[in-house]
1. In the stretch 41-184, what % of DSSP beta bridges are antiparallel (nearest 5)?
2. If I take R0 = 45 Å and measure r between the Cβ atoms of residue 130 and residue 17 in this structure, what FRET efficiency does the formula 1/(1 + (r/R0)^6) give, to the nearest 0.05?
3. Using a Förster distance of 25 angstrom, determine the FRET efficiency expected from the C-beta separation of residue 44 and residue 155, and round it to 0.05.
4. At a probe size of 1.4 Å, how large is the accessible area of residue 165, to the nearest 10 Å²?
5. Suppose every Lys and Arg Cβ carries +1 and every Asp and Glu Cβ carries -1, with no other charges. What dipole size does the chain come out with about its Cα centre, to the nearest 20 debye?
6. Could you give the length gained on full extension between residue 212 and residue 72, defined as 0.36 nm per residue of separation minus the Cα-Cα distance, in nm?
7. Top mean-square fluctuation among 42, 67, 113, Gaussian network model of the chain, C-alpha springs under 10 Å?
8. For helix 222-234, report the angle its Cα long axis makes with the longest principal axis of the Cα atoms of the chain; keep it between 0 and 90° and round to the nearest 10°.
Amino acid sequence: MSNLTQQTVLSIRHWTDTLFSFTCTRDPSFRFDNGQFTLVGLEVDNKPLVRAYSMASANYEENLEFLSIKVQDGPLTSRLQHLKIGDPVYISKKSTGTLVTHHLLPGSTLWLLSTGTGLAPFMSMIKDPEIYSSYERIVLTHTCRFIDELAYKEYITQSLPQNEHIGQLIRDQLIYYPTVTREPFLNRGRITDLIQDGKLFEDTDLPSFSVERDRLMLCGSPHMLKDTRALLKTMGFIEGTHSQPGHYVVERAFVD
């Protein structure tokens, strides 16, 4: 318990029957880099039950925000999905994670490829003014099964571009590319297929991935990560069994 603080739930949003997000208070001493994760949990049988969650909030924001799926028999999410405003939650005092820009070499375009709740760490990153001074363009892709699972879509396309502090950066440098796989939509298909057939690059008016120019961050399901890494190998981002250091980083979206 000494490595956890108790915080208070401030808001809950149920995006779908299988997806929700919530905000909670933030301990003044809690620090993190945008893109990192921490442990979040509840007290169960007089003991803390915690799991890893990426912060969807930026490191300068007063409160913390998390995005989660609902696993009906999941040890934690079966309980976490029933949070109410005012409920207590445990938050670790420490943060960690590989999805931070200082793990990458300099480049001109940063690609943030996500599926499902893998969007969360990238939500914190696209609100970071410093990232826009490091790259000419930021491309955020988010792939889900259905349109209503595209959490934060309106926030990214409508609210962020009007933000008084970073709105101009968002309008000038951020490209948001949502895709769905199981119903008609403007962009349809798995991100790996859209990379492979070139539609992602055609739609964003950008050239295909280049080791010299592009840097990538991946966060999503194990299947998506495996398939994307296989593609990156064909593009020179992986030589043999070894990744090119500093060209891309990977993190699994946490589910339980």
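The values are calculated or read from the model by the stated rules, or taken from the named source; none is laboratory data. The structure displayed is predicted, hence computed values, not measured ones. No Cβ is skipped: glycine too gets one built from the backbone with ideal geometry, and neighbour counts run over all protein chains shown. Heavy atoms of the whole protein, side chains included, go into the accessibility calculation; ligands, DNA and RNA do not. Shrake-Rupley method; radii C 1.70, N 1.55, O 1.52, S 1.80 Å.
1. Working: 6 of 20 bridges.
Expressed as a percentage, antiparallel bridges in the stretch 41-184 total about 30.
2. On the way: r = 37 Å, r/R0 = 0.82.
Between residue 130 and residue 17 the formula returns 0.75.
3. Rounded to the nearest 0.05, the efficiency is 0.20.
4. Number for this one is 150 Å².
5. Here the chain has a charge dipole of around 500 debye.
6. Difference between extended and current length: 46.0 nm.
7. In this elastic network of the chain, the residue with the biggest mean-square fluctuation among 42, 67, 113 is 42.
8. 20
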